[in-house]
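The values are calculated or read from the model by the stated rules, or taken from the named source; none is laboratory data. Computed from a predicted model, the values in this text were never measured in an experiment. Note that each Cβ is placed from the backbone with ideal geometry, even for glycine, and that neighbours are counted across all protein chains shown. These area figures cover heavy atoms from the full protein model, side chains too; ligands, DNA and RNA do not enter into them. Shrake-Rupley method; radii C 1.70, N 1.55, O 1.52, S 1.80 Å.
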Amino acid sequence: MIVFVQREPRPDAPSWPGRRLLAAIDAVAWPLGWAILVHQIPDLGKGGSMVTFVAMLFALYRLSGALFTNHRYWFTTWWVVRVVALLLLCGVVMKLALWVSASAH
């Protein structure tokens, strides 16, 4: 038997003053950061240019979403901050576990 489960669509993001501007900055900053990061790698040649071109296409696509369908735009920065905070928390817990086990001996 095959069971298909369809997820509910995400609710609209809350609206507040300045959200459209911050969403536009968030939409452009991440692809621009990837393009800058790729240009730091030496000897990429046309591959670096291609990655930059694709990153700019993503930036335009994300910018249009941030400006024209702002109620559906979700910030990438919040997602990245949550992932980094989770990794940092795991590191702190492991460091504490190591410290506790070392002080027990």
Item checked: the stretch 15-43 residues that are touching a residue at least 40 places away in the same chain (Cβ under 8 Å), paired with ones that are open to solvent by 50 Å² or more (accessible area, probe 1.4 Å) and among the charged types (D, E, K, R) (beta carbon under 7 Å, 6 or more apart) -> Ala27/Arg62
Notebook entry, point to check: What number of residues in the stretch 1-22 are touching a Lys or Arg at 6+ places or on another chain (Cβ under 9 Å) and under 20 Å from Leu60 (Cβ atoms)?
Noted result: 0
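For Val51, state whether it is assigned to a helix (DSSP H, G or I) and either basic (Lys, Arg) or more than 16 Å from the chain's Cα centre (by Cα) (or both). Quick ask: steps written out before the conclusion?
Details: assigned to a helix (DSSP H, G or I): yes; either basic (Lys, Arg) or more than 16 Å from the chain's Cα centre (by Cα) (or both): yes.
It is true that Val51 is assigned to a helix (DSSP H, G or I) and either basic (Lys, Arg) or more than 16 Å from the chain's Cα centre (by Cα) (or both).
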Next item on the list: Exactly one condition in (1) modelled with pLDDT of 95 or more; (2) farther than 21 Å from Phe75 by Cα; (3) not basic (Lys, Arg) is not met by Trp30; state its number.
Entry: (2)
Checklist line | In the stretch 27-62, the residues that are touching a Pro at 6+ places or on another chain (Cβ under 7 Å) and open to solvent by 100 Å² or more (accessible area, probe 1.4 Å) | finding: Phe58
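I'd like the full set of residues that are touching a residue at least 60 places away in the same chain (Cβ under 8 Å) and open to solvent by 70 Å² or more (accessible area, probe 1.4 Å), limited to the stretch 5-14.
First, the residues of the stretch 5-14 that are touching a residue at least 60 places away in the same chain (Cβ under 8 Å): 10, 12-13.
Those that are touching a residue at least 60 places away in the same chain (Cβ under 8 Å) and open to solvent by 70 Å² or more (accessible area, probe 1.4 Å): Arg10, Asp12.
Has the stretch 62-85 got any residue that is farther than 24 Å from Arg19 by Cβ, at pLDDT 95 or above and assigned to a helix (DSSP H, G or I)?
Pass one, the stretch 62-85, residues farther than 24 Å from Arg19 by Cβ: none.
Looking for residues that are farther than 24 Å from Arg19 by Cβ, at pLDDT 95 or above and assigned to a helix (DSSP H, G or I), one finds none in the stretch 62-85, hence no.
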